[in-house]
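Comments concern the structure below.
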Amino acid sequence: MSDEQMRNEIPETLPERSPLRAVAETAQTSEINFSWHTSDDEIILAIEMPNGRSKRIIYLDDELAVAYLEFDFTAVKAVGDWDAYYFTDDRILEACIFTFPGDGGLRKIRSMHGVQWEEVGSESDDEKSGDKETDLQIFTPRNRKGHWDLQPLRTPPKRWRLPFPATLTGGQILEIGTPSDRFMVFCERAWENWGSAVNLRIKNVDAGTHDEQKRLLKTISDSLFFDLDTRTGIGLRLGEKVGARTRREKAPIDRNEPPSIRTPRFQYSEKPLSLYWYGRSSMRLPLLEYLAYYQVLEFYFPVYSKRDVLDRLRQELLDPGFAPDSDSDLARVLTIAARSGKGFGAERDQLKATVRACVSDEALRSYIESHHSLPSSLKDPRLIKDVTQVHLTDKGIDLTSRISERIYDLRCRIVHAKEDGGEQQKELLMPYSKEADSLEADIDLVRFLAQKALVASSSRLNV
């Protein structure tokens, strides 16, 4: 069998009693798309789980297929870019949630008044009320080449949940606690953090469309999490699905051979280097990471914008046509020398001067072309709106200028700033949005330019 041989068909060679065949037959009946793959000579079934206008691909081997058959996977819908699922038969919406690092949020939640603990195997209130919880044998997934390699593992010794006492106006009931067995089967992230996984569970959900499911989850979680944060200091967030916001294709390194270890020869300015390290430490916060690298460039604005202005003034004054007694000629000189902030000229022009001084058009083009996704990202207007598109194939393109325009456009979208004090204000680029996810290639680009700026201003190491 090739890497992907058939779509929505079942191989004749697949055994009749194969769990994968049973899942595929159920998918056929329910008009759920699927395809077949091989990995290390093992047959893998890829199920296209509904996720609004897109699909979420779930890879199954025989063992995971058995678990899928324990629950009705045809009644499961993925919700947005979160590790969240809506179970239409039970009218339950369940989502992974995480605490912010360092605030002891999980410990605080488990110690709150009202937490209920259950021994695994005991009959829960949900089971008594008819919710579909079973003593399903639990497996832990270990990701291997795009699918789950299942290894038997004990269940957590105890389950816990924190039910909220009041019902919402729409009749929904909320609780936080250990993920359900059903959710564990469908959510890889829950098992990656099986010992500490925490879920938000919303019952009595009547949301027919994907947009309604997303809106309800976002509205309820935002209200609940903010209320908990202000009253208890516990910071929570919805967990993104695995791969939704993970970094990233490695930025290319301009070497034909693996780099060798060498003794450092140069030192770099302390303040911009501190900003650079701040960006490197913010890899799961794309807006913050982008701005940190932008601030590295911004640090050098006074240096390079001044140099650029001096060159332009020199050219103007040496022009044989320049007349010192001409008001218009003098006005032109004053315009060139106009200062804005710590640098010379508008911020957009200062950025162009800095980029131009630190990297050549040839080096910039070479970097972009060697980066797998960057050329297509730069020219696609659908990924991020209201920013300059860059087409490398345009004849006579001033690449440095166009890239600088795009970098500045993105900066304005992130900080919601008017362009150079002008009237036009662009729409804010929101965190946790698809546009924020699409920043990956641009972050690599501005990081590359920040590196070039640090290198261009380095000095011989002298300690």
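The values are calculated or read from the model by the stated rules, or taken from the named source; none is laboratory data. Since this is a predicted model, take the numbers as computed values, not measurements. Positions of Cβ are backbone-derived with ideal geometry, glycine not excepted, and every protein chain shown enters the neighbour counts. For the accessible areas, the whole protein counts, side chains as well, though only heavy atoms, and no ligand, DNA or RNA atoms are used. Shrake-Rupley method; radii C 1.70, N 1.55, O 1.52, S 1.80 Å.
Screening Ser269 on (1) open to solvent by 60 Å² or more (accessible area, probe 1.4 Å); (2) among the polar types (S, T, N, Q); (3) modelled with pLDDT under 90; (4) closer than 30 Å to Asn462 by Cβ shows it passes everything except condition (1).
Results for (1) at pLDDT 90 or above; (2) more than 28 Å from Leu429 (Cβ to Cβ); (3) buried (at least 16 other Cβ atoms within 10 Å of the Cβ); (4) of a type in the set (Asp, Glu), shown as yes or no for each residue.
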position	(1), (2), (3), (4)
Asp325	no, yes, no, yes
Ser328	no, yes, no, no
Ala337	no, yes, no, no
Glu369	yes, no, no, yes
His372	no, no, no, no
Asp380	yes, no, no, yes
Leu383	yes, no, yes, no
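Among the residues of region 213-242, the one identified as surrounded by 14 or more Cβ atoms within 10 Å (Cβ to Cβ) and among the aromatic types (Phe, Trp, Tyr) is Phe225. Does region 168-178 contain at least one residue that is open to solvent by 50 Å² or more (accessible area, probe 1.4 Å), modelled with pLDDT of 60 or more, over 26 Å from Thr219 (Cβ atoms) and part of a strand (DSSP E or B)? No: region 168-178 contains no residue that is open to solvent by 50 Å² or more (accessible area, probe 1.4 Å), modelled with pLDDT of 60 or more, over 26 Å from Thr219 (Cβ atoms) and part of a strand (DSSP E or B).
Residue by residue, here is whether (1) in contact with a strand residue (DSSP E or B) (Cβ under 8 Å, 6 or more places away or on another chain); (2) part of a loop (DSSP other than H, G, I, E, B); (3) open to solvent by 30 Å² or more (accessible area, probe 1.4 Å); (4) touching a residue at least 12 places away in the same chain (Cβ under 8 Å) holds:
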{"site": "Ile10", "(1), (2), (3), (4)": "no, yes, yes, yes"}
{"site": "Arg17", "(1), (2), (3), (4)": "no, yes, yes, no"}
{"site": "Ala27", "(1), (2), (3), (4)": "yes, no, no, yes"}
{"site": "Thr38", "(1), (2), (3), (4)": "yes, no, yes, yes"}
{"site": "Ile43", "(1), (2), (3), (4)": "yes, no, yes, yes"}
{"site": "Tyr59", "(1), (2), (3), (4)": "yes, no, yes, yes"}
